[in-house]
Amino acid sequence: MRTLLRWFRRLLALVVTLILLAAAAIAGVIWVTLPGGDMTAAIPGLAAPVAIAIDSDDIPHVRAASEADAAAALGFLHARSRMFQMDLMRRAAGGELAELFGPAALAYDKRMRVLGLRARAVADLAVMPADTRGLIDAYARGVNAWIRLRGRLAAPEFAVYGAPRPWTPVDSLLWGKSMAIYLSGNWHAELARLLLDAKLPAKQVDELWPPAPGAGHPEAALAPSPALARTATRLADAFPDFPAPFTLPHEASNGWAVDGAHSATGAPLLAGDPHLGYGFPSLWYLARLDWPGGTLAGATAPGVPFVVIGHNGHIAWTFTTTGADTEDLFVETPVDASHYQTPNGPLPYTLREERIRVRGAPDVTLLVRETLHGPVISDVVDPKGPQLALAAAWLAPGDTAAAGLLALDRAEGVAAAGHAAGLITSPVQNLTVADHEKIALFVTGRVPVRRAGDGARPVPGASGAFDWTGFASGEQLPHIVAPATGHLLNANERIAPPDFPVFLGRDWYDDLRAQRIRQLLTAGEKHSVADFAAMQTDVVDLAARALLPRLRGVAAPEDPAKAALALLQGWDGAAVQDAPEPLIFNAWMQQFYAMLLARIGVPEQGRAAVAPWPQLVPYVLSPAGAHFCGGNCDKLLADSLSAAATELARRFGSNPASWRWGAAHIAHFDHPVLSRLPLIGRLTAIATPAPGDDLTIDRGGVGESLDDIHGPEYRGVYDLADLDRSLFVMAPGQSGNPFSRDARNFLQRWRDGASVMLPSQAARAATHITLSP
C-alpha cells in the first residue's frame, strides 16, 4: 500500500511538473511574441535613418527623411503590432483561409475566389502611378523587415500556424478591395426581394422598405421561377453577410464640420467617427508621421501606407457611407455549356481556374465563369441551375483608390481634396473635409449609370435593357463647398435631393442621427473642440422620443410588462447604460419588429429587403402602414411588450426597476480566431458595458441579444486653428497581441468619451526604435 501511494505521489508530481513546464513554455512563446522595447532594425531602401518614439499609449511618432521612408516605417510598425491581422485580411480577401484553417474555411474561400480580388489587384498594380507604387513598395519593405526579424514569432498566432509569407504590394491593394465590399450594397436586398416576390405581391414587398420620393424608375418585376427562387434561397444562405464571417456593418458613421464663423477658435472644426463591427484588433491604428514638408496624423489601417482618416497639417477629413447602390444581379441566359446570350448574340464565358490549398486535405480546383456583367456567383451553390452574375463597381477595372488616398493625404486644401475624391474609385463614401478656411463635402467612388431600372431586383441580362452604360464620379456626384449655413453634416442619410441628375439608389436609411447632430449644431452660435467631443458621446434616441407618446398609451397587461411600461412614462429617450428604460425600449422594439415580420411572412433570407425598424415601425404605426398589423397595431404592441418583458425578467430578474441597459448592452471585441477556442477565447476576451443604441450619435448597434455589436471604434475631432490640439481615440487598443497590455489600453477611455492628442513631439516616450538603411 505504501509503495502504491509512493508511486501515486511520484506520478502526481510528474503530471504537475509537466503542466507547469507546458504553462511555462506557452508563457515563454507568448513573451517572445511581444514586440519588446527599444531596438534598432534595418530596412533595405531607406534614404536615411528613421527615428520612432512610441509613447505610453503605444502610439508611434515617426520622424523620417522622406515620405517613402515614413511609409516604410509605418509598414514596420504595423507588422510589429498587427501582423496576424494583416495576414488574415489578405487571406480573407484572396480566398486563402483554408490554407490555415483547413476544410472548415473552404466554403468561404470558394466565395471569395469567385470574385477574383487578387487577380484584379494584380491588374490594378500594373498600371498604378509611379509615386503611388513607390510608397506601397516602401511599405512592403517595412513589413518584410519585421517578418525577417521575427519569422514565426512575429505574432503569437504564427507560433501555431507558421511564419507569414512576405508581404507584397498586391496585399495592400486587397485591403482597399475588402473595404469596398464591406461598404457597398445592395445585392442582398435584390435577392431578398426576389424571394419575397414568390410569397407576396410586389407592391407589398416594395412597401416593406418604403421608397424615398423620386428614388428611381422601377423595372418590371422579374417573375421568379421556382428554380430561380431556390437558387436565390441557397445564395442567401451561402452569403448571409457578404463576405461572412469577416463582414462589417456598413450603414453607420457620423461626420460634421463648422466654418470659422461658427467656431470658438475662429477656424473650422471637424468631427468624424466611422462605425464598423467591433473586433480585436481594431481596424484602426493610431500614428503620427513627420518628414520635411509633410505630416500625417490619425487613423491608419494595417495593410496600407496611408492615413485613412485624420489630418496632414493642412486639411482634416473623415468618411461616412453614402449608401449608393453600386451592385446589380443579372439573370443570364445560357445558350449551351460554353456560351450565354447577349444583345449581340452568344458570347463565350470568360473562364479562370482557381486552385485552393486546404490544410490537412488535398487541394481543391474551382472553375469560375464570368460574363460581361461579372462573375457568376450562383455557381458557388448550383453550377447547373439559374445563373446570377454580379455586377459591382468595385469589381470594375481601373481601380485608382490607392492613388486617390495618396492624393488626399497630400492635399493642401479643400480643392485638392475634391480632386482626390474623384480618384478614390471605391467605395462610394461621403468625404467631409476642412482646411484652414473652408469646409466641404464630396462623394467618392463610381456610381453605375443604368440604362433602365432602379436596382431593386435581379434583372434579365440577355437583352441588355438594364445594362450599365458607364459610371458617374467626381463632380458628377453630390458636392458642397463652403455652405452658406456654415455647417455640414452626414450620418448616412440620403445625400442628394430626389431630383439629383444621377440616380444613387432606391433604399435609404433614416436621418435620425443627422437630426440630432443638427439640433446640437444649431443650439449654439460657436462651437469648441470640447463641444464636438461631447457631441460624439451624445446618447439621445430621437426615435424613442417620437414613439414614446404612442407607446405610453398601450394597454399594458400584467407585470412585468405593466411595471416596465410604467418606467417609460418619465423617460427622456437617453440611452444611458445605468438605467432600465433603454433596455425596455430596445427589447420592445426588437420584439415588435420580429413579430411584425413573422406576421407578414418574411423569412430570414428576406430580411435584407425590409427597412430597419426605425423606418418600418413608424410607417406601420401610421395610417398608411397599419394594414401590416391586420388593423390592430395596439394588440401587436401589447403582445410584443409582454414577450419582451418576460424575456428580460428571465435574464435580469423580476423587478424592472433593477434592470440596467449596460447589463445587456455589452460591446465585445472578439479575436476572429482565438475567440473560438475554449480556454484561450476566455483569456483573450475584451468587453465593456456601453451606452447608446442604434439611433444615437454615440452609436451602439443593437444585436439580437441586445449586445453592442458595432459603433465608433475610432473618433476624431480636428481643430484647424491648431491641428496639434486635435483629439483622437480608438478601441480597444493599439496592439493586436491579446497578451499585450496595449491590447486594451484605450477601452475605458473610448467608452467614457476620453481622448488623446498627437502633437509633433511625443510626450512620455516609452520606447525608441531606430530604423537604418
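The values are calculated or read from the model by the stated rules, or taken from the named source; none is laboratory data. Computed from a predicted model, the values in this text were never measured in an experiment. As a convention, Cβ positions derive from the backbone with ideal geometry for all residues, glycine included, and neighbour counts pool all protein chains shown. These accessible areas exclude ligands, DNA and RNA; they are computed on the full protein's heavy atoms, side chains included. Shrake-Rupley method; radii C 1.70, N 1.55, O 1.52, S 1.80 Å.
Residue-level check: of (1) part of a loop (DSSP other than H, G, I, E, B); (2) at negative phi, G398 misses just (2).
Residues in region 482-509 that are among the aliphatic types (A, V, I, L, M) and open to solvent by 40 Å² or more (accessible area, probe 1.4 Å): A482, A484.
For first residues located in region 508-528 and farther than 12 Å from V540 by Cα and in contact (Cβ under 8 Å) with a residue 12 or more places away in the chain, partners that are polar (S, T, N, Q) and assigned to a helix (DSSP H, G or I) and lie 6+ apart or on another chain with Cβ distances below 8 Å form the pairs Y509/Q615; D510/Q615.
Within the set of pairs 6 or more residues apart or between chains, which connect a residue that is surrounded by 12 or more Cβ atoms within 10 Å (Cβ to Cβ) inside region 28-39 to a residue that is in a strand (DSSP E or B) and at pLDDT 60 or above with Cβ atoms less than 8 Å apart? That search, which allows pairs on different chains as well, returns M39/I769; M39/T770. In region 722-729 there is no residue matching the filter, namely being in contact (Cβ under 8 Å) with a residue 60 or more places away in the chain, open to solvent by less than 30 Å² (accessible area, probe 1.4 Å) and of a type in the set (D, E). With the condition kept exactly as written, say whether any residue in region 157-166 is without any contact (Cβ under 8 Å) to a residue 12 or more places away in the chain and not in a loop (DSSP other than H, G, I, E, B). Scanning region 157-166, I find at least one residue that is without any contact (Cβ under 8 Å) to a residue 12 or more places away in the chain and not in a loop (DSSP other than H, G, I, E, B), so the answer is yes.
Here is a list: D382, D399. Which entry is open to solvent by 10 Å² or more (accessible area, probe 1.4 Å), touching an Asp or Glu at 6+ places or on another chain (Cβ under 8 Å) and either over 22 Å from P343 (Cα atoms) or at pLDDT 95 or above (or both)? Full working, then the answer.
Details: D382 fails: touching an Asp or Glu at 6+ places or on another chain (Cβ under 8 Å).
Of D382, D399, the one residue that is open to solvent by 10 Å² or more (accessible area, probe 1.4 Å), touching an Asp or Glu at 6+ places or on another chain (Cβ under 8 Å) and either over 22 Å from P343 (Cα atoms) or at pLDDT 95 or above (or both) is D399.
For beta carbons closer than 6 Å, sequence separation of 6+ or different chains, a first residue in region 77-95 that is over 25 Å from V50 (Cα atoms) and a second that is among the hydrophobic types (A, V, I, L, M, F, W, C) and open to solvent by less than 10 Å² (accessible area, probe 1.4 Å), the qualifying pairs are R90/L174; R91/L97; A93/L117; A93/L174; G95/M112.
Is it the case, given these coordinates, that E157 is of a type in the set (D, E, K, R) and open to solvent by less than 20 Å² (accessible area, probe 1.4 Å)? Walk me through it before giving the result.
Values: of a type in the set (D, E, K, R): yes; open to solvent by less than 20 Å² (accessible area, probe 1.4 Å): yes.
When the stated conditions are applied, E157 passes them.
When region 160-173 is filtered for residues that are surrounded by 24 or more Cβ atoms within 10 Å (Cβ to Cβ) and of a type in the set (A, V, I, L, M), only L173 remains. Of the residues making up region 122-154, those that are more than 18 Å from D399 (Cβ to Cβ), open to solvent by less than 30 Å² (accessible area, probe 1.4 Å) and of a type in the set (A, V, I, L, M) number 6. The residue list A23, A42 contains one member that is closer than 23 Å to I769 by Cβ and either modelled with pLDDT under 95 or touching a strand residue (DSSP E or B) at 6+ places or on another chain (Cβ under 7 Å) (or both), which is A42. Looking across region 731-751, the residues that are surrounded by fewer than 17 Cβ atoms within 10 Å (Cβ to Cβ) and without any contact (Cβ under 8 Å) to a residue 40 or more places away in the chain come down to R741, R749. Taking A337 as the residue in question, decide whether it is modelled with pLDDT under 95 and either open to solvent by 30 Å² or more (accessible area, probe 1.4 Å) or among the basic types (K, R) (or both). So A337 fits the description; yes.
Rundown of residues vs (1) open to solvent by less than 10 Å² (accessible area, probe 1.4 Å); (2) of a type outside the set (S, T, Y); (3) at pLDDT 95 or above, yes/no style:
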{"residue": "P582", "(1), (2), (3)": "yes, yes, yes"}
{"residue": "F585", "(1), (2), (3)": "yes, yes, yes"}
{"residue": "F592", "(1), (2), (3)": "yes, yes, yes"}
{"residue": "A609", "(1), (2), (3)": "yes, yes, no"}
{"residue": "Q615", "(1), (2), (3)": "no, yes, no"}
{"residue": "P618", "(1), (2), (3)": "no, yes, no"}
{"residue": "S622", "(1), (2), (3)": "no, no, no"}
{"residue": "G625", "(1), (2), (3)": "yes, yes, no"}
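Is there a residue being in contact with a strand residue (DSSP E or B) (Cβ under 8 Å, 6 or more places away or on another chain), among the aliphatic types (A, V, I, L, M), open to solvent by less than 30 Å² (accessible area, probe 1.4 Å) and farther than 30 Å from F101 by Cβ anywhere in region 677-691? Looking through region 677-691, at least one residue is in contact with a strand residue (DSSP E or B) (Cβ under 8 Å, 6 or more places away or on another chain), among the aliphatic types (A, V, I, L, M), open to solvent by less than 30 Å² (accessible area, probe 1.4 Å) and farther than 30 Å from F101 by Cβ. In region 552-575 there is at least one residue that is touching a residue at least 40 places away in the same chain (Cβ under 8 Å), within 29 Å of the chain's Cα centre (by Cα) and either closer than 17 Å to V617 by Cβ or open to solvent by less than 60 Å² (accessible area, probe 1.4 Å) (or both).
Looking at region 376-394 only, could you name the residues that are charged (D, E, K, R) and touching a strand residue (DSSP E or B) at 6+ places or on another chain (Cβ under 7 Å)? Talk me through it step by step, then tell me what you get.
Step one: of region 376-394, the residues charged (D, E, K, R) are 379, 382, 384.
Selection gives D379 alone.
Scanning region 132-167 for residues that are closer than 17 Å to A301 by Cβ and of a type in the set (V, I, T) turns up T132, I136, V143.
Give A104, A119 a once-over and let me know the one that is surrounded by fewer than 21 Cβ atoms within 10 Å (Cβ to Cβ), more than 25 Å from S675 (Cβ to Cβ) and either among the small types (G, A, S) or in contact with a His (Cβ under 8 Å, 6 or more places away or on another chain) (or both).
Values: A104 fails: more than 25 Å from S675 (Cβ to Cβ).
Among A104, A119, only A119 is surrounded by fewer than 21 Cβ atoms within 10 Å (Cβ to Cβ), more than 25 Å from S675 (Cβ to Cβ) and either among the small types (G, A, S) or in contact with a His (Cβ under 8 Å, 6 or more places away or on another chain) (or both).
For region 264-304, the set of residues classified as surrounded by fewer than 24 Cβ atoms within 10 Å (Cβ to Cβ), polar (S, T, N, Q) and assigned to a strand (DSSP E or B) consists of T295 only.
Filtered by the rule that a residue be part of a loop (DSSP other than H, G, I, E, B) and under 23 Å from G185 (Cβ atoms), region 305-339 gives T322, G323, A324, T326. Restricting attention to region 516-533, which residues are of a type outside the set (S, T, Y) and surrounded by 15 or more Cβ atoms within 10 Å (Cβ to Cβ)? Scanning region 516-533 gives R516, I517, R518, L520, L521, H527, V529, D531, F532, A533. Which condition from (1) closer than 27 Å to R764 by Cβ; (2) open to solvent by less than 10 Å² (accessible area, probe 1.4 Å); (3) not in a strand (DSSP E or B) is the one that M86 breaks? It is condition (1) that M86 fails.
Return the residues of region 51-67 that are closer than 23 Å to D742 by Cα and either open to solvent by less than 50 Å² (accessible area, probe 1.4 Å) or modelled with pLDDT under 95 (or both); say none if nothing qualifies. Don't jump to the end; show me each part of the working.
Narrowing region 51-67 to residues closer than 23 Å to D742 by Cα: 51-63.
Residues satisfying the conditions are I52, A53, I54, D55, S56, D57, D58, I59, P60, H61, V62.
Within region 307-352, the only residue that satisfies the criterion of being free of Cβ contacts under 8 Å to residues at least 40 places away in the same chain and either among the aromatic types (F, W, Y) or closer than 30 Å to H436 by Cα (or both) is Y349.
Could you go through region 467-478 and let me know if any residue there is assigned to a helix (DSSP H, G or I), open to solvent by less than 10 Å² (accessible area, probe 1.4 Å) and within 19 Å of T321 (Cβ to Cβ). There is no residue in region 467-478 that is assigned to a helix (DSSP H, G or I), open to solvent by less than 10 Å² (accessible area, probe 1.4 Å) and within 19 Å of T321 (Cβ to Cβ).
Do you know which residues across region 402-417 are assigned to a loop (DSSP other than H, G, I, E, B) and either of a type in the set (V, I, T) or open to solvent by less than 20 Å² (accessible area, probe 1.4 Å) (or both)?
As a first pass, look at region 402-417 and keep what is assigned to a loop (DSSP other than H, G, I, E, B): 411-413.
Result: A411, G413.
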